[in-house]
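Asks: To start, I am sharing the structure in question, which I have written as structure tokens.
The values are calculated or read from the model by the stated rules, or taken from the named source; none is laboratory data. These numbers come from a predicted model, not from an experiment. Heads up, the Cβs are rebuilt from the backbone with ideal geometry, glycines too, and the neighbour counts pull from every protein chain shown.
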Amino acid sequence: MKFCPQCKADMINALIDGEERLACADVQCGFVHWNNPVPVVAAIVEYGDNIVLAHNVQWPEGIFSVITGFVEQGEDPEEGVLREVQEELGLNGFDPKLVGVYPFPQMNQVIIAYHVRAAGEIKLNHELDATKLVPVDELQGWDFGTGLAVRDFVAARLSDA
């Protein structure tokens, strides 16, 4: 961001509350770009005896993950996760259960992850080009982002067994 969105003055690096932040050069304006993380929902979608993993058209080949999307203004995260399942997979999601909340600093996001059961026929939207159905007992997490939620989901299922 080069110019202040409030007054159009130059933006500069300034020390604010002990942190370097982008701020308006015009002290009369006082605008600070806080760059707070964005809330994102993630759905670990249980479809029959499987978990649906999807490939986003913008990702490298062979990379699959759970369903994710941004929480919209005024939207409850539970509503948002069900909306994302419907929009991206064409499935009717139900019974969302919070898995956990996870930092994802690489993308400046906070992930709110849910386990969602789903029914219907998978119909991908324009963001996705493939799915992989992974048997629930074969699912494994990974070391960052939504993979941390997958790990917790798997661990909770094992402790319930």
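Asks: I'm checking my understanding of the structure. Among residues of the stretch 19-42 that are within 29 Å of the chain's Cα centre (by Cα) and in a loop (DSSP other than H, G, I, E, B), which one is surrounded by the fewest Cβ atoms within 10 Å (Cβ to Cβ)?
Replies: Restricting attention to the stretch 19-42, the residues satisfying the condition of being within 29 Å of the chain's Cα centre (by Cα) are 19-23, 31-42.
Adding the requirement that they be in a loop (DSSP other than H, G, I, E, B) leaves 31, 34-37.
Details: F31: 16, W34: 10, N35: 11, N36: 8, P37: 13.
Residue satisfying both the conditions and the ranking: N36.
Asks: Among the residues of the stretch 49-80, count how many are in contact (Cβ under 8 Å) with a residue 12 or more places away in the chain and either in a strand (DSSP E or B) or under 16 Å from A118 (Cβ atoms) (or both).
Replies: Total satisfying the criteria: 16.
Asks: Taking the stretch 1-18 as the search range and keeping residues that are free of Cβ contacts under 8 Å to residues at least 12 places away in the same chain and part of a loop (DSSP other than H, G, I, E, B), which one is nearest to H33 (Cα to Cα)?
Replies: K2
Asks: Still on this structure, please answer the following. Name the residue, out of V136, V150, that is among the aliphatic types (A, V, I, L, M), touching a residue at least 40 places away in the same chain (Cβ under 8 Å) and farther than 23 Å from W59 by Cα.
Replies: Details: V150 fails: farther than 23 Å from W59 by Cα.
Criteria check complete, one pass: V136.
Asks: Mind counting the residues in the stretch 81-100 that are over 14 Å from L124 (Cβ atoms), part of a helix (DSSP H, G or I) and of a type in the set (V, I, T)? Break it down into steps so the answer makes sense when it comes.
Replies: Let us first name the residues in the stretch 81-100 that are over 14 Å from L124 (Cβ atoms), namely 81-83, 92-100.
Pick out the ones that are also part of a helix (DSSP H, G or I) and you get 81-83.
Keeping just the survivors that are of a type in the set (V, I, T) gives 81.
Total meeting the criteria: 1.
Asks: Residues that are modelled with pLDDT of 95 or more and within 27 Å of N35 (Cβ to Cβ): does the stretch 90-97 have at least one? Break it down stepwise before answering.
Replies: Within the stretch 90-97, the subset modelled with pLDDT of 95 or more is 90-97.
Next, from what is left, pick out any that are within 27 Å of N35 (Cβ to Cβ): none.
No, because not a single residue in the stretch 90-97 is modelled with pLDDT of 95 or more and within 27 Å of N35 (Cβ to Cβ).
Asks: Within the stretch 125-161, restricting attention to residues that are assigned to a loop (DSSP other than H, G, I, E, B) and among the aliphatic types (A, V, I, L, M), which residue is surrounded by the fewest Cβ atoms within 10 Å (Cβ to Cβ)? Write out each step before concluding.
Replies: The initial filter retains those residues of the stretch 125-161 that are assigned to a loop (DSSP other than H, G, I, E, B), namely 125-127, 139-145, 161.
Retained after the next criterion (residues that are among the aliphatic types (A, V, I, L, M)): 139, 161.
Values: L139: 18, A161: 6.
For the stretch 125-161, the residue satisfying everything is A161.
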